[in-house]
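Before I ask anything, here is the structure I am working with.
Just so you know, all these numbers are worked out from the coordinates, no wet-lab data involved. Computed from a prediction, not measured in an experiment: that's the story for all the values here. Ideal geometry is used to build each Cβ from the backbone, glycine not excepted, and the neighbour counts take in all protein chains shown.
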Amino acid sequence: DKGNHRHFMLKEIYEQPEVISHTFGHYLDFAESRAELPEGAGIDFTTVERLSVSACGTAYYAGLIGKYWFERLARMPVEIDVASEFRYREMPLKPGGLSLFISQSGETADTLASLRYCRQAGQRIAAIVNVPTSTIAREADFVLPTMAGPEIGVASTKAFTCQLSVLFSLAIAAGRQRGFLSEADERRLVQAAVELPRLAAHALKLEGRIERLAKELSKAKDVLYLGRGTSFPLALEGALKLKEISYIHAEGYAAGELKHGPIALIDETLPVIVIAPFDALFEKTVSNMQEVAARGGRIILITDEKGAAHASLETMETLVLPDVAPEIAPLVYSIPVQLIAYHTAVFMGTDVDQPRNLAKSVTVE
Ligand code: F6R
């Protein structure tokens with residue numbers, strides 16, 4: 001049931017404040033401001049020398065963001081790859097290591113094959129899944145559910161932000177266990193998670209502006225997404241979302257890679273979506289934006305108030321999000337990224353919930 005919404009995808013985008021809150025509620029103790037992993041998920045991170053993560057598509061991009069968190073908050077090295085490569089790479093794994101798989105459906109063939117490879121190599125297996133009865137959930141030692149509820153739209157939205165919610169909670173738990181996160185830091189991060197649903201709801205209010213922007217984007221042949229830090233995987237996710245439902249070619253790049261190739265593409269016809277909260281990397285991203293502007297590229301800046309004030313350059317559109325703790329920003333910035341893809345696809349007249357050639361669950365290789 002789509003309720004009042006025109007598509008399942010839009011309904012699922014709007015469900016995010018609620019399902020993110022449910023997911024955090026499952027992993028965080030709001031009253032004590034502590035990460036508290038639920039029954040069946042009691043992972044001991046203290047002995048993990050290196051975490052290996054594997055997933056496909058959007059779930060893989062969630063994992064990439066998780067890598068930044070595990071490394072930053074828990075000083076835990078992370079090895080991550082798409083499951084279709086991981087399963088054949090013959091990566092050496094030390095018995096007793098920890099492997100993490102991320103899958104909305106829990107049935108993705110390549111992810112399951114990677115899990116079985118790791119099982120054979122004597123790894124402990126953790127899985128972030130949205131379908132608790134799925135094969136991947138059944139084969140895991142630690143099941144980490146996302147509380148997104150059934151996701152019908154083929155393009156993943158709420159499952160993605162719920163995967164991020166689980167990863168963020170795990171990184172906090174790992175940080176504490178490994179002695180890298182002070183009590184004060186843990187409290188601050190959990191408080192940021194508590195705030196998140198309200199900030200996500202705030203971000204949804206940009207829909208009207210995004211709809212007008214999408215009309216322009218629907219005329220583009222290609223779109224470039226740029227970001228640094230955790231905004232880089234989000235740029236990859238934005239590009240994936242746009243291409244899969246609007247059929248417009250899009251690419252995501254680390255902003256710092258611009259001058260190593262993609263800058264050659266820039267002209268007046270190329271919209272460049274820059275994801276840049278006002279964080280420690282903001283100034284670096286601004287200099288990349290200036291390089292785009294100097295070549296006539298049309299910039300769409302997704303930032304916050306401070307970022308909008310400091311960027312001081314002309315944009316085709318600036319989307320201003322509420323202030324959010326930099327660590328958790330990807331959860332808020334996902335929302336405009338999803339709405340851009342959605343409304344562009346609506347203007348293109350595509351079948352948003354069932355895009356051509358795609359299946360919700362990819363159970364064959
Ligand atoms: C993108 C999308 C796909 C899936 C991928 C993995 O919007 O939906 O890229 O994310 O096929 O699927 P799961 O998470 O079910 O393993």
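What's the FRET efficiency of Lys219 with Glu90 using the Cβ-Cβ distance as r and R₀ = 45 Å, to the nearest 0.05?
Plugging the Cβ-Cβ distance into 1/(1 + (r/R0)^6) gives 0.45.
Here is a further query. Under a point-charge model restricted to the Cβ atoms of Lys and Arg (+1) and Asp and Glu (-1), what is the dipole moment magnitude of the range 256-365 relative to its Cα centre, in debye to the nearest 20?
It comes to approximately 220 debye.
What fraction of the DSSP beta bridges in the chain is antiparallel, stated in percent and rounded to the nearest 5?
5 percent
With springs connecting C-alpha atoms under 10 Å apart, model the chain as a Gaussian network and identify which of Thr46, Thr344, Thr230 has the largest mean-square fluctuation.
Thr46
What list of ³J(HN,Hα) couplings, whole Hz, do you get for the range 225-235 from phi and the Karplus terms 6.51, -1.76, 1.60, once you set θ to phi - 60° and write x for glycine and proline?
Working through the residues one at a time gives 10, 10, x, 10, x, 5, 6, 5, x, 5, 5 Hz.
Can you tell me the length gained on complete extension of the stretch Ala31 to Glu139, counting 0.36 nm per residue apart and subtracting the Cα distance?
In short, 35.6 nm is gained.
Let me ask something additional. Amide H to amide H under 5 Å from Ile80: which residues, 5+ apart in sequence or cross-chain, H placed 1.01 Å off N in plane?
Placed amide hydrogens put Val53 under 5 Å from Ile80.
For Ala280 paired with Glu39, estimate the spin-label separation in nm (one decimal), with each label point 7 Å from Cα along the Cα-to-Cβ line.
Placing both labels 7 Å along Cα→Cβ, they lie 4.0 nm apart.
A further question follows. Counting only helical runs of four or more DSSP H residues, what would the 222 nm mean residue ellipticity of the chain come to if each run contributes -39,500 (n - 2.57) and the total is spread over all its residues?
So the helix-based figure for the chain works out to -15000 deg cm²/dmol.
Return the Cα extents of the chain along principal axes one, two and three, sorted largest first, each rounded to a whole Å.
Sorted from largest, the Cα extents of the chain read 53, 45, 43 Å.
Can you give the charge dipole size of the chain about its Cα centre, rounded to the nearest 20 debye, using +1 on the beta carbon of Lys and Arg and -1 on the beta carbon of Asp and Glu?
Dipole about the Cα centre, nearest 20: 300 debye.
Let me ask you something else. Which stretch or stretches of the range 149-172 have amide N atoms under 14 Å from the point lying 7 Å from Glu18's Cα along the Cα→Cβ direction?
Under 14 Å, as judged by backbone N against the label point of Glu18, lie 149-151, 158 of the range 149-172.
Now a separate question. Name the GluC sites (Glu not before Pro) in the range 1-88 that are in a loop by DSSP and that have at most 16 other C-beta atoms within 10 Å, would you?
For GluC sites (Glu not before Pro) across the range 1-88 that sit outside H, G, I, E and B with at most 16 neighbouring Cβ atoms in 10 Å, the list reads Glu32, Glu36, Glu39, Glu49.
Can you list the residues of the range 330-350 with backbone N under 14 Å from a point 7 Å past the Cα of Met316, pointing along Cα to Cβ?
Zone members listed by number: 340-341, 344-345.
Rounded to the nearest 0.05, what FRET efficiency is calculated for Met348 and Asp1 with R0 set to 25 Å and r the Cβ-Cβ distance?
After rounding to 0.05, the efficiency reads 0.50.
Which ³J(HN,Hα) values in Hz, rounded to whole numbers, follow from the phi angles of the range 97-106 under the Karplus curve 6.51 cos²θ - 1.76 cosθ + 1.60, where θ = phi - 60° and Gly and Pro get x?
Calculated HN-Hα couplings, in order: x, 10, 10, 10, 10, 10, 7, 4, 6, x Hz.
For the range 46-132, calculate the relative contact order in percent as a whole number, restricting contacts to Cα pairs under 8 Å that are 6 or more residues apart.
Worked out over the range 46-132, it gives 33 percent.
Here's something else I'd like to know. Contour minus end-to-end for Ile152 and Val194, with contour as 0.36 nm per residue of separation and end-to-end as the Cα-Cα distance?
Additional length available on full extension: 12.5 nm.
Right, next: At a threshold of 8 angstrom on Cα-Cα distance, excluding pairs fewer than six apart, so keeping six or more, what relative contact order does the range 253-365 reach in percent?
For the range 253-365, the relative contact order is 20 percent.
Starting from the Cα-Cα distance between Asp185 and Lys205, subtract it from 0.36 nm times their residue separation and give me the gain in nm to one decimal.
Stretched out fully, the Asp185 to Lys205 stretch lengthens by 4.2 nm.
Would you work out the relative contact order for the chain, in percent, from Cα pairs under 8 angstrom that are 6 or more residues apart?
20 percent
Moving to a separate point now. Taking θ as phi - 60°, what are the ³J(HN,Hα) couplings along the range 13-21 by the Karplus curve (6.51, -1.76, 1.60), each to the nearest whole Hz, with x for Gly and Pro?
Karplus values, whole Hz, x for Gly and Pro: 4, 6, 6, 4, x, 6, 6, 5, 4.
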